[in-house]
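K.L.:
Provided herewith is a single structure, encoded as structure tokens, for subsequent inquiry.
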Amino acid sequence: MAGIIPDSDSEDELPPGWEERATVDGCVYYVNHLTKGTQWTHPRTGKKKRVNGELPFGWIKVVNADGKVVYKDQESGRTTYTDPRLAFAEEEKEFPMDLRQRFDCSSTARQVLHGQDLNGKVAIVTGANCGIGYETARALALHGCLVIFACRSLDRAQEAIDKIKQERSAAKCLAFELDLQSLASVKLFADQFKRRFKSLNILILNAGVFGIAYSQTADGLETVFQVNHLSHFYLTLLLEKPLAKAAPSRVVVVSSESHRYANLKLESLDEDALSPPNASWYWSMMAYNNSKLCNVLFANELAERWKTKGICVYCLHPGNMVSSYISRNWWFYRILFAFVRPFTKSLEQAASSSVYCATANELGGITGLYVNNCFPCKPSAAAFNFQLSDKVWTLSCDIIKRLLPDNHELQ
């Protein structure tokens, strides 16, 4: 059987013995005739390609006697396993547009905002009274944004605001009570905000818990699941109208690289898998990993569902082993963070990706990105499982409807 090797750019030249092939749906894979191995990425460049459009004139796709798809040149009668469209294949872009990396792991939130004027914009930051949330809210407020400190303790939120006002007396900050361990509190917060403000430019879902012993919230759910995912999920849906009113607006979900180590599976996913019913089903580290995967899945699903509303959605990893208030509940990590602190990001550096997602001009109109060190990167393979994200969305809605049966604001 004749093999037709398409022309290709010199930078994508294949090593001896390799050949490009295309699947039925147009994805390109590479065949090594020496080892009989295959792979999806180019053996030299590591890039991917995708075939688009109809077959060239005179070519047809047929199934041979072995049941394999082959391509036939009707004029010459030659056949080949290689899709003739590969001669015109384009590299599959990793992101919707080419972005120049302006910041990196050493950048701070204030550096990201250099030269930006956020006057007239309204932002909500959950967990803004300390840690990464505080540095995020501080950077936004110092650049003119009106920032809502959504915190469980109003006293601590006001202390954080007073500290910022010592730097800039004209800083516009308000403290609103929000207890993420209570769906009723989430509803009260959203109602309070919507009574006072008609639009919302930036929503940053920052608050979270980590390394805690098994416990349940006032709603009877496992605490890590509800605080890190479900309450933020509910809050976002309740704020759809003010976000749409301010379009183009942004939702920023603080996740973690820990999402790559989650063990949620589509075939076994149910409420008990998301919210373990008792301590025997619970491991604090895996609960955190799973909640962070829920964050990424939620962000991806939200980006898809709201892409026509002018609301862009981003998910991010703030940094590895950042010495923040989130480690307060686990003595081992408090000790570990004390040792690694000189080698990790500062809190202001850790806040940079949140601020970048919330304000960077080059991200305008792009949605569904996962960001690390102020630059888009690929999340885990599970994050691209849209059946999984749809099921997490459905289960989350079902749980909220069960606990708040009179709620009519969920889709």
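The values are calculated or read from the model by the stated rules, or taken from the named source; none is laboratory data. Note that the structure is a prediction, hence the values are computed from the model and not measured. Note: ideal-geometry Cβ built from the backbone for every residue, glycine included; neighbour counts use all protein chains shown. The area values use the complete protein model at the heavy-atom level, side chains included, leaving out ligands, DNA and RNA. Shrake-Rupley method; radii C 1.70, N 1.55, O 1.52, S 1.80 Å.
K.L.:
For segment 352-411 and segment 183-240, what is the separation of their Cα centres, given in Å?
P.N.:
Comparing the Cα centres of segment 352-411 and segment 183-240, I get a distance of 14 Å.
K.L.:
Over its Cα atoms, what ratio of radius of gyration to 2.2 N^0.38 Å does segment 59-189 give?
P.N.:
After normalising by residue count via 2.2 N^0.38 Å, the value is 2.00.
K.L.:
Still on this model: Once you keep just the Cα pairs under 8 angstrom separated by 6 or more residues, what percentage relative contact order results for segment 111-258?
P.N.:
Dividing the mean separation by the residue count of segment 111-258 yields 23 percent.
K.L.:
Just order 60-72, 187-199, 129-141, 221-233 by mean Cβ neighbour count inside 10 Å, highest at the front, would you?
P.N.:
Ranked from most to least packed, the peptides come out as 129-141, 221-233, 187-199, 60-72.
K.L.:
What order, most packed first, do the peptides 379-385, 204-210, 361-367, 255-261 have when packing is the mean number of other Cβ atoms within 10 Å of each residue?
P.N.:
204-210, 255-261, 379-385, 361-367
K.L.:
Name the shape class, rounded, prolate or oblate, that the alpha-carbon gyration tensor gives for segment 163-218, where a ≥ b ≥ c are the square roots of its eigenvalues, rounded holds for a/c under 1.5, and otherwise prolate holds if a/b is larger than b/c and oblate otherwise.
P.N.:
Here segment 163-218 falls in the oblate category.
K.L.:
What distance in nm lies between label points placed 7 Å from Cα along the C-beta direction at R168 and L55?
P.N.:
About 6.2 nm, to one decimal.
K.L.:
Could you rank the peptides 243-253, 112-122 by their average count of other C-beta atoms within 10 Å per residue, with the highest value first?
P.N.:
243-253, 112-122
K.L.:
How would E75, E19 line up by accessible area, probe 1.4 Å, largest first?
P.N.:
Final ranking, largest accessible area leading: E75, E19.
K.L.:
If Lys and Arg each add +1 and Asp and Glu each add -1, what is the summed charge of the other residues whose beta carbon sits under 11 Å from the beta carbon of W59?
P.N.:
0
K.L.:
Further question on the same structure: From largest accessible area down, sort R402, R100; use a 1.4 Å probe on the protein chains.
P.N.:
R100, R402
K.L.:
Report the percentage of all Cα-Cα pairs in segment 224-300 whose separation exceeds 20 Å, rounded to a whole percent.
P.N.:
Cα-Cα pairs in segment 224-300 separated by more than 20 Å: 35 percent.
K.L.:
When the chain is fully extended, how far beyond the present Cα-Cα distance does R402 get from A65, taking 0.36 nm per residue of separation?
P.N.:
115.8 nm
K.L.:
Let me ask something additional. Could I have the simple spin-label model distance between E362 and C377, label points 7 Å from Cα toward Cβ, reported in nm to one decimal?
P.N.:
The two pseudo-label positions are separated by 1.6 nm.
K.L.:
In square angstrom, rounded to the nearest 10, how much accessible surface does C105 have for a 1.4 Å probe?
P.N.:
Using a 1.4 Å probe on the heavy atoms, I get roughly 70 Å².
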